[in-house]
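For reference, the structure is listed below as structure tokens.
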Amino acid sequence: MSIIQDLQLISNDRVMSLDEKLANLLRIGTEALRLETGIVSNIQGERYRVRSVVTFDDNIPKGAEFSLHDTYCADVASEDSVIAYHNIDVQPGASHPCFEKYTLKSYLASPIHVFGEFYGTVNFSSLSPRNEPFNELEMDYLLLLATWIGNELERQQSISNLNAQKVMFEERNSLLNQVTNLAGVGTWELDVESGAVIWSGALKRMFHVHSDRVLHAEDILKFIAHDEHRKRYAEQFEKMTKTGSDFCYEVEIRTDAGETRWIESRAHPIMQNGRCVKVVGATVDITQMHIDKAVLQHKSDLAQNALKARGEFLANMSQQIRTPIHGVQGMLEALMGTSLNPKQLELASLATQSADTLLDIVNDILDFSKIDAGELVFEDASTSFAEVIEEQIPMFTRLAEEKGVAFSVSTAALQGQHFMADKLRLGQVLINLLNNAFKFTKEGEVTVDTKCVRYGKGRYRVKLIVTDTGMGISAQQQKFIFTPFMHVESAPAENTTQHRFEGTGLGLPIVKQIVEHYNGKIEVSSELGIGARFTVTLTLDDANVGAEEEKAVDQNTIYMPSKAELSALKALIVEDNEINQLVIKEQLKEIGLVSDLAVNGQEAVEKVKRSMAEKSPYALILMDCHMPVMDGLEATKQIRLLDQQSAEIPIIALTANVVTKEKEKCLNSGMNDFISKPVGVSRLKECVFRHLSKQLKNNVSALKDPA
């Protein structure tokens with residue numbers, strides 16, 4: 001039998017182990033090459049290990065290790081080619097490092113490669129020299145044997161890798177099954193061609209299906225509780241098998257036990273040559289999620305209803321509180337305009353301050369409620385922040401003089417700059433900070449400083465810094481000062497009861513909300529007994545100064561009529577509160593306008609009709625919103641429908657309700673403007689003149705150019 005046949009038989013033997021195959025291959029080699037010893041070595045770095053060995057006297061143990069440089073195989077590893085020494089005494093001779101260590105006289109070896117990498121050697125040797133060199137046939141035998149051994153090692157390594165992967169996959173599959181069971185996830189497969197369905201144990205338990213039951217494709221749809229859902233699911237499933245796109249669905253099902261549940265299932269089609277052959281998926285029970293969602297929705301509805309009720313309550317309280325405040329402030333304003341002795345003037349001033357304080361508290365509460373409901377309106381326009389600050393200087397200068405506190409303001413960094421911002425809200429930030437600074441500062445000074453740096457194209461970072469030398473704020477209180485209804489407390493002397501300063505505790509929370517609207521922040525640094533510093537940082541857009549200012553000037557140009565012009569005009573006051581009737585009438589009289597009075601909306605409509613018939617229409621109507629018989633909104637709508645002339649009469653809402661939605665209702669009903677009670681003479685005058693300007697300027701133009 002030839003060596004090739006022997007190699008073939010050994011290689012194809014499925015019973016023989018790798019070690020047995022290597023030993024048999026070495027025996028074939030020793031016989032074919034007529035050398036007593038055959039070794040398969042594994043070389044790793046400088047270590048040489050005997051992988052398999054055949055000797056005549058079994059004097060080399062399998063697994064023995066040597067230093068590579070102590071073997072002739074070092075020459076094979078170095079050259080990575082066949083080495084043949086038929087007579088070691090001649091070649092390589094006594095100069096070889098191994099000559100004195102071993103008694104070998106002939107040596108033939110070839111490198112073994114496994115998956116293209118050097119593995120070791122197959123080498124044969126003898127204690128006797130050969131008379132002639134190894135011939136080509138013997139060399140071919142050696143190379144054939146090395147290749148065969150390399151192939152066997154590759155096969156064995158591949159089988160070992162596959163077995164390791166199989167164990168790993170089995171472990172992972174077991175772990176996945178445990179995880180899906182713990183997570184309550186059921187998995188499934190559908191063979192599209194045969195209709196066979198495989199459900200995991202977790203999925204069967206989810207649907208209360210017996211573990212032995214065999215399911216088919218047509219059984220799946222029967223679990224879906226409602227016909228329309230069943231139809232929609234079938235359509236989506238068919239679409240998925242055609243397009244190859246994943247799909248996810250939530251559906252109500254009825255289990256085999258008759259229990260109704262909600263499930264979410266994700267499906268993934270496996271496509272071959274554009275055709276869906278299998279679908280795999282995972283299903284999870286989301287019944288509790290649906291229950292929680294329904295509970296959450298119920299709570300959300302309750303919260304929305306509570307917010308709505310609170311809004312209605314605040315609107316009503318605004319009307320009820322601001323209306324008498326308007327009367328008080330109006331009467332005090334009228335009183336202070338009369339001849340009073342110093343004591344009476346002092347008392348009237350104190351009463352005015354109390355009314356102003358009460359109004360501030362009401363405004364704070366209403367502003368905070370608007371912020372909380374997301375209804376606080378910001379009307380951004382070209383605004384000079386420097387002017388906003390400077391407008392407040394006189395008021396706080398008087399306060400500083402009264403308290404004996406130094407007061408300084410620097411707006412140099414803002415001069416010449418205009419930003420898109422709400423002037424009212426910027427002023428609100430400054431006023432709140434300065435009110436606090438003066439409230440807690442008995443001596444020393446209060447300063448206002450500003451900074452402005454460009455922050456990208458068309459934007460600026462603006463800083464407003466308010467510093468005082470007051471009582472200071474403790475580190476503990478600094479954590480809560482921006483929390484609604486929290487107050488700063490002080491201890492005037494040791495071991496005394498803490499004193500709580502007056503106020504709503506809403507000023508700083510409102511400031512914080514306004515600042516955050518402009519992508520900014522407010523920071524505080526303070527030490528007890530030294531003072532406090534509040535730093536507001538705003539991100540403001542640069543206004544197109546030229547165009548915006550021209551537009552503003554054009555819009556805000558108000559014609560200032562003479563007393564003679566005003567005496568020819570007549571206003572209508574629509575108000576049901578007797579005190580407010582008197583206040584508004586006196587204020588219009590001071591402005592220079594005569595007025596008529598209507599106590600409800602229906603009476604106002606009749607008076608407008610009569611004035612039109614008598615060819616003496618009203619130039620302006622001040623309309624309260626909440627009145628008996630007919631409210632101001634309905635009265636406005638009816639007046640607008642009378643004729644073209646009545647449709648152009650300026651109607652100004654004069655109401656104590658300052659909720660945002662109330663203003664929208666007024667404007668939507670056909671009113672021209674909205675002004676909140678209480679209102680002073682100066683604010684009322686500015687509003688009245690603004691709306692009278694158009695017709696008064698038209699009258700002047702007609703006189704100059706009578707056509």
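Read-outs throughout are calculated quantities, based only on the coordinates presented, and are distinct from any laboratory measurement. Keep in mind the model is a prediction, meaning the values are calculated, not measured. Backbone-built Cβ (ideal geometry, glycine too); neighbour counts: all protein chains shown.
Here are a few things to note about the model shown:
- Full extension of the chain segment joining Ser78 with Gln415 gains 112.9 nm, where the gain is 0.36 nm per residue of separation less the Cα-Cα distance.
- Once the C-beta distance of Asp292 and Leu597 is scaled by a Förster radius of 45 Å, the resulting FRET efficiency is 0.15 to the nearest 0.05.
- Leading residue at positive end of dipole, the chain (Cβ point charges), from Leu190, Leu26, Leu302: Leu302
- For the chain, the mean residue ellipticity at 222 nm estimated from helices alone is -15500 deg cm²/dmol, where every DSSP H run of n ≥ 4 contributes -39500 (n - 2.57) and the total is divided by all residues, rounded to the nearest 500.
- Theoretical gain in end-to-end length, Val214 to Glu117 [0.36 nm per residue, Cα-Cα removed]: 29.8 nm
- Computed from phi, the 3J(HN,Hα) profile of the range 427-444 under the Karplus parametrisation 6.51, -1.76, 1.60 (θ = phi - 60°) reads x, 4, 4, 4, 4, 4, 5, 5, 4, 5, 4, 6, 4, 9, 10, 8, 8, x Hz, with x in place of Gly and Pro.
- Semi-axis lengths (Å, descending) of the ellipsoid that matches the C-alpha gyration tensor of the range 184-285: 22, 15, 12
- Dipole magnitude of the chain about its Cα centre (Cβ charges: Lys, Arg +1; Asp, Glu -1), debye to nearest 20: 2140 debye
- Applying both filters, DSSP loop and at most 15 other Cβ atoms within 10 Å, to the GluC sites (Glu not before Pro) of the range 390-457 gives Glu443.
- Qualifying chymotrypsin sites (Phe, Trp or Tyr not before Pro) for the range 1-87 [loop in DSSP, other Cβ within 10 Å: at most 11]: Phe56
- Shown here is the pair-distance distribution of the range 99-255: with all Cα-Cα distances grouped in 10 Å bins from zero up to the longest one, the shares run 8, 21, 18, 10, 10, 11, 10, 9, 4, 0 percent.
- About its Cα centre, the range 556-704 has a charge dipole of approximately 580 debye under the convention of +1 per Lys or Arg Cβ and -1 per Asp or Glu Cβ, with nothing else charged.
- Förster radius 30 Å - calculated FRET efficiency between Ser408 and Arg683, Cβ distance, rounded to 0.05: 0.55
- For Lys299, the aspartates and glutamates whose Cα comes closer than 19 Å to its Cα, not counting residues fewer than 8 places off in the same chain, are Asp372.
- Euclidean distance between Cα centres, the range 107-123 to the range 129-158, Å: 9 Å
- Leu506 long-range amide H proximity, modeled H, under 5 Å: Phe485
- DSSP beta bridges fully contained in the chain are about 80 percent antiparallel.
- Net dipole in debye of the range 3-160 [+1 Lys, Arg Cβ; -1 Asp, Glu Cβ; about Cα centre; nearest 20]: 280 debye
- Positive-end residue of Thr37, Gly529, Leu68, charge dipole of the chain with Cβ unit charges: Gly529
- In this simple spin-label model, placing a label point 7 Å from the Cα along the Cα-to-Cβ direction at both Glu189 and Glu36 gives a separation of 6.0 nm.
- Chymotrypsin sites (Phe, Trp or Tyr not before Pro) within the range 98-155: DSSP coil, no more than 14 neighbouring Cβ in 10 Å: Phe115
- Dipole of the chain, positive direction: furthest Cα of Ser126, Ser595, Pro269, with charges on the beta-carbon: Ser595
- The chain - convex hull of alpha carbons, volume per residue in Å³: 420 Å³
- Estimated FRET transfer efficiency when R0 is 51 angstrom, pair Ala475-Leu582 (beta carbons, to 0.05): 0.45
- Subset of Lys521/Lys677; Lys451/Lys661; Lys308/Lys665; Lys62/Lys166 violating a 27 Å alpha-carbon distance limit: Lys521/Lys677; Lys451/Lys661; Lys62/Lys166
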